1. For PHE56, list long-range residues whose amide hydrogen, built 1.01 Å from N in the peptide plane, is under 5 Å from its own amide hydrogen.
2. Could you go through segment 28-38 in sequence order and give the Karplus-derived ³J(HN,Hα) for each residue, using 6.51 cos²θ - 1.76 cosθ + 1.60 with θ = phi - 60°, rounded to whole Hz, and x for Gly and Pro?
3. Cα centroid distance between segment 1-80 and segment 92-118, in Å?
4. Take the alpha carbon gyration tensor of segment 1-73, find the square roots of its eigenvalues, order them as a ≥ b ≥ c, and report rounded if a/c is under 1.5; if not, report prolate when a/b exceeds b/c, else oblate.
5. Residue by residue through segment 112-121, what is 3J(HN,Hα) from phi via Karplus (6.51 cos²θ - 1.76 cosθ + 1.60, θ = phi - 60°)? Round to whole Hz and write x for glycine and proline.
6. Once you keep just the Cα pairs under 8 angstrom separated by 6 or more residues, what percentage relative contact order results for segment 15-77?
7. Please rank VAL28, VAL44, VAL81, fewest neighbouring Cβ atoms within 10 Å first, as an exposure proxy.
8. Check which residues have an amide H placed less than 5 Å from LEU5's amide H, if you skip close sequence neighbours.
Amino acid sequence: MGATLSDPIEFRGECSLTVLDTTQLLAVCRHARDELGFDMLTDVSSVDHYGIDPRFEVVYELYGMSHHTYLRLKIAVDEEVCEVPSVTSLWRTADWHEREVYDMMGIRFTNHPDLRRILMWEGYPYFPLRKDFPLEGKPTDLPDTAFTDKAPLEGGPFVTSGGKPDSTQREPRAKTFETED
């Protein structure tokens, strides 16, 4: 696997490797599953490095049930090509994970058995998790399907509050709702 993989990076007891050659992704994943015992794909996600080439990165989180070890595989995805091979032939759980990455980021997975949107409706022209997608959303001309105006952000449960003294008070998850006794 020599020139196919980067040197391992270990952080907090977890190992990350970058697959350097897209054409070798399936071979690397098959080796990790069959020879190294990473028999469970726990997640497939993506990162948008907007303004940097290559723009995207797909991240595979693997776990070995017999040795209780995690392995993270990453692969860079060029914005122009914007596709990588599907790993659904190795792990069936990749099906919905890859569909979500496609739906939210627009990264296509070649040889996926059913690559269609899973969260947004078919024909939706945007990819909401890309960094160039505006936080307030985009207006739509489809009544009763989504907002026809931009969604308001002020006071929402996932909006941080500026000007608070520390991050726990700014963080949306830290907000609690007062109840009257």
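1. Amide H to amide H, under 5 Å and 5 or more residues apart or across chains, PHE56 pairs with HIS49, VAL77, GLU79.
2. For segment 28-38, the Karplus curve yields 5, 5, 5, 5, 4, 6, 7, 9, 9, x, 8 Hz.
3. Distance between centres, Cα-based: 17 Å.
4. Numbers: a/c = 1.82, a/b = 1.47, b/c = 1.24.
Prolate is the answer for segment 1-73, as a/c is 1.5 or above and a/b outweighs b/c.
5. 6, x, 7, 7, 9, 4, 10, 10, 8, 7
6. Values: 114 pairs, mean separation 23.9, N = 63.
So the answer I get is 38 percent.
7. Details: VAL28 20, VAL44 25, VAL81 12.
Sorted ascending by nearby Cβ count, the order is VAL81, VAL28, VAL44.
8. LEU20
Read the figures in this text as sums done on the coordinates, not as results from a lab. This one's a predicted model, so the numbers in the text were calculated from it and none came from an experiment. All Cβ positions, even for glycine, are placed from backbone atoms using ideal geometry, and neighbour counts span all protein chains on display.
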